[in-house]
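To start, the structure under review is shown below, and the notes come after it.
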Amino acid sequence: MTLTTSGSWVINATGSITSNGKDCTGTFAITSGAVVTLQDSFLSSNGTFTLTQGTLNANNFNFNVYAFSSSNSNVRTITMGSGLWTISGADFDIGTITNLTFNANTATVKFTGGTQALINGTKDINNVWFSGSSANTKTITGNFNVLNDLTDDITVAHTLVLPSVIVIAGHTYLNGHVGQLLTMSSTTKPFSK
């Protein structure tokens, strides 16, 4: 079963989401200070999930959406847990961090779509992974720390744009492929030795 809507799902009351492995299509928004906790892995293959105000607790489950946004100055909390956060289409945007409590925990943010960006206003992320077969540019903005690993294993030629300052505490895995050039650049200035 697929739950389909051409509109949006607005969550404005405290509770939990149990999707039983179903694709919950459409856009989702948590508003009005609601506290929402996942009870199993969440999938919305074509929807943007927006945390406007309130709390999203992934509760150590996987979280798979087209895009994720929580870039505003309302009071809000994100607890990522230990799951895999897959962004399949657009961006993971926490560019405005005013009043944001961000718990990266041990989660990984994995990008699998076309032109995508990790828009970050200086909150540390545990693992960042760019994967798939899209030749589009992948961008990381904001000066922050990757607490563990940065991985790029895209199988076609593409560009990875990094911020002027990024600290990677673990490993950097740049997995090239024969005849497929990985071009790295910076958002503000060239790399130096």
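Just so it is clear, none of the values below were taken in a lab; they were calculated from the coordinates. Predicted, not measured: the structure shown is a model, and the values here were computed from it. In this analysis, Cβ positions are derived from the backbone assuming ideal geometry, glycine residues included, and neighbour counts consider all displayed protein chains.
Only one residue of LEU182, ASN105, VAL36 has its Cα farthest out toward the positive end of the dipole of the chain, where Lys and Arg carry +1 and Asp and Glu -1 on Cβ, and that residue is LEU182. Given +1 at the Cβ of Lys and Arg, -1 at the Cβ of Asp and Glu and no other charges, the dipole of the chain around its Cα centre is 240 debye to the nearest 20.
Pairs of lysine in the chain with Cα under 22 Å and at least 8 positions apart or on different chains: total? It would help to have the intermediate numbers written out before the result.
Details: LYS22/LYS110; LYS110/LYS123; LYS110/LYS138; LYS123/LYS138; LYS123/LYS189; LYS138/LYS189.
For the chain, the number of qualifying lysine pairs is 6.
Modelled spin labels at SER185 and SER16, positioned 7 Å past Cα toward Cβ, are 4.8 nm from each other.
The mean sequence separation of alpha-carbon pairs under 8 Å and at least six residues apart, normalised by the residue count of the stretch 132-193, gives a relative contact order of 36 percent. In order along the stretch 136-150, phi translates into HN-Hα couplings of 6, 6, 10, 10, 10, 10, x, 8, 8, 9, 9, 6, 10, 10, 10 Hz, rounded to whole numbers, per the Karplus curve 6.51 cos²θ - 1.76 cosθ + 1.60 with θ = phi - 60° and x for Gly and Pro.
Computed over the stretch 17-139, relative contact order equals 18 percent, with contacts defined as Cα pairs under 8 Å that lie 6+ residues apart.
For ASN143, the amide hydrogen comes within under 5 Å of the amide hydrogens of THR122, counting only partners 5 or more places away or on other chains and with H modelled in the peptide plane. Residues considered: VAL165, VAL65, VAL178. Largest GNM mean-square fluctuation over the chain, using C-alpha springs under 10 Å, is found at VAL178. Counting Lys and Arg as +1 and Asp and Glu as -1 over every other residue whose Cβ lies under 13 Å from the Cβ of ILE168, the net charge comes to -3. Using only the Cα atoms of the chain, build the gyration tensor, take square roots of its eigenvalues as a ≥ b ≥ c, and label the shape rounded, prolate or oblate: rounded if a/c is under 1.5, else prolate if a/b is larger than b/c, else oblate. In terms of gyration-tensor shape, prolate. Computed from point charges on the beta carbon alone (+1 for Lys and Arg, -1 for Asp and Glu), the dipole magnitude for the stretch 51-164 about its Cα centre is near 180 Debye. With +1 on the Cβ of every Lys and Arg and -1 on the Cβ of every Asp and Glu, and nothing else charged, how large is the dipole of the stretch 105-193 about its Cα centre, in debye rounded to the nearest 20? Rounded to the nearest 20 debye, it is 200 debye.
Here the 3J(HN,Hα) profile of the stretch 40-48, calculated from phi with Karplus coefficients 6.51, -1.76 and 1.60 at θ = phi - 60°, is 7, 4, 10, 9, 9, 5, 10, x, 8 Hz, Gly and Pro shown as x.
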